[in-house]
Amino acid sequence: MSKLYILVEESFRELRARAHITTAALARNLEVVIGQQWWFARNFASLSPGVVFLKGNNSVQANLMTSARAAGHRVLSIEEEAFGLKGEDVFLTLFDPRIETNCDRFLAQGINQRDTLISRFPEMWDRVSIVGNPRSEALISAASSGITGPAQEFLSRYGPYVLVNTNYASINPFDFDAFAYYRRCVGVGVLAPGDPDEMELFHTQCVWERDNLREIVRFLNMISEFRPDIPVILRPHPSENPRPWIDMARDLSSVYIVSDNDHLYWTLSCSVLVHSGSTTGLEACLLGREAINLRPGKSAWHDRFVSSIVNKNAETARQALEFVEQIYQRPTITSTPQDRIKALQPYLQTEMDSSPSELIVDSVLDIMPIGSARALEPGPFTNPYNSSRQRDKAFVSTETFRALLREATKTRSSQNFSITDLGPAVWHVTNITRTHMS
């Protein structure tokens with residue numbers, strides 16, 4: 001059977017959607033190897049020719065493209081960093097120039113991404129396909145399973161709550177070092193220190209995050225003072241350092257800090273979400289939940305995110321609190337208003353005849369290399385040394401992955417799949433039913 005290799009960098013963000021791609025591939029009689037990208041970087045040459053699916057297009061991903069193609073594989077990519085992005089200027093900073101020659105197919109979320117990419121890389125005009133994004137598909141599937149885990153426990157104990165998601169990794173990074181964050185941006189190729197336009201963009205981003213952070217803090221203090229009866233869940237982004245938030249919330253009796261990477265069920269069960277330019281605002285919209293986008297002051301960054309057109313916008317903490325009081329304990333909406341869906345389509349196409357995962361598999365089959373039907377090589381494979389940060393980002397148990405596959409198969413005909421561990425957080429998945437039929 002032909003092979004699809006799916007590389008994962010951040011499991012909390014990517015793996016649920018990748019499970020949907022896996023089940024769509026199994027339904028088309030493909031074998032799938034899926035897992036941490038660092039394992040694949042060491043083992044491309046040991047794998048039978050196939051199609052390599054990458055989550056991005058920066059210099060790290062471009063290096064993976066080069067290695068994969070040198071080993072006889074074909075490459076397609078999506079841009080996960082742009083899931084909630086609207087601004088073309090920021091979108092293009094995510095692309096290494098080498099993708100023009102090393103990427104066999106780019107998967108665009110909508111017309112805006114397609115046209116922006118082709119304007120920058122004209123030679124790719126016939127290698128861009130609009131597929132939406134399987135993250136939207138995975139959101140709806142997970143929502144149908146109902147609220148579970150810590151979110152359900154909190155809801156049962158404290159009742160309806162407000163969720164506040166933060167996203168200030170440039171000024172409050174996980175390793176306590178803002179200059180280290182700058183160096184990481186340079187290292188992955190999304191920031192060129194010698195380019196004054198890119199440096200200005202980075203500087204204004206930091207100012208924007210600082211102003212947003214200050215207004216979120218004002219909001220937390222105001223809701224604690226004037227509406228202490230409303231429980232608030234504060235969830236710092238996994239790329240942030242949670243310590244300042246923990247210290248800040250210590251004197252706010254109605255604010256509870258959670259560090260759960262899987263934010264989906266917290267969003268699904270909240271009365272209203274408050275954020276400032278976060279992708280979770282888009283996800284709340286897709287889940288049929290109300291969200292308030294707090295956007296203080298004047299900044300071009302406010303309009304670079306899709307949340308600005310699908311959420312209610314508040315200019316101050318006080319206005320955000322007024323919106324919360326209007327929405328809180330109101331019957332939760334269960335479907336996204338059509339005007340928001342229509343506004344979303346140029347940036348994230350959701351109204352298509354096939355699901356994003358099925359369209360992605362169509363593209364996989366279009367570029368499948370000769371020799372891909374060879375049996376998967378038995379190895380030996382080389383396990384990389386994974387840093388603690390890599391393990392935190394990408395590692396989940398086999399049982400967790402199996403549960404995500406079961407969740408994804410609910411949207412398709414019954415599949416009886418087999419999972420074999422190939423390395424740490426790397427799995428070989430086959431459809432037993434199809435194998436026995438062929």
Handout entry: Between helix 111-120 and the chain: long-axis angle, C-alpha atoms, 0 to 90°, nearest 10
Key = 70 degrees
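I'd like the FRET efficiency for Gln326 and Lys298, computed as 1/(1 + (r/R0)^6) with the beta carbon distance as r and R0 of 41 Å, rounded to 0.05. Mind dumping the intermediate values first?
Working: r = 25 Å, r/R0 = 0.62.
Efficiency, from the Cβ-Cβ distance: 0.95.
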Fill in the blank from the handout: Within the set Arg250, Arg402, Arg135, GNM on the chain using Cα springs under 10 Å gives the largest fluctuation to Arg250
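Give the calculated FRET efficiency between Met199 and Thr433 to the nearest 0.05, with a Förster radius of 41 Å applied to their Cβ-Cβ distance.
Details: r = 55 Å, r/R0 = 1.33.
Given R0 = 41 Å and the Cβ-Cβ separation, E is 0.15.
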Fill in the blank from the handout: The pairs in Lys312/Lys393; Lys55/Lys298; Lys55/Lys410; Lys3/Lys342; Lys298/Lys393 lying past 29 Å Cα-Cα in this model are Lys312/Lys393; Lys55/Lys298; Lys3/Lys342; Lys298/Lys393
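Sort the range 101-184 into rounded, prolate or oblate with this rule: let a ≥ b ≥ c be the square roots of the eigenvalues of the Cα gyration tensor; rounded if a/c is under 1.5, and if a/c is not under 1.5, prolate when a/b is larger than b/c, oblate otherwise.
On the way: a/c = 3.51, a/b = 1.49, b/c = 2.35.
Verdict is oblate for the range 101-184.
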Handout entry: Rounded FRET efficiency, nearest 0.05, which uses the C-beta distance separating Arg98 from Gln319 and R0 of 45 Å
Key = 0.50
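Expressed in nm to one decimal, what extension gain is obtained for the pair Glu153 and Ala178 from 0.36 nm per residue of sequence separation less their Cα-Cα distance? Intermediate values should be presented prior to the final figure.
Details: separation 25, 0.36 × 25 = 9.00 nm, distance 3.53 nm.
Stretched out fully, the Glu153 to Ala178 stretch lengthens by 5.5 nm.
All of the numbers you see were taken from the coordinates with simple rules; none came from a lab. Computed from a predicted structure; not experimentally measured. Because the Cβ atoms are built from the backbone with ideal geometry, glycine has one as well, and the counts that use them run over all protein chains shown.
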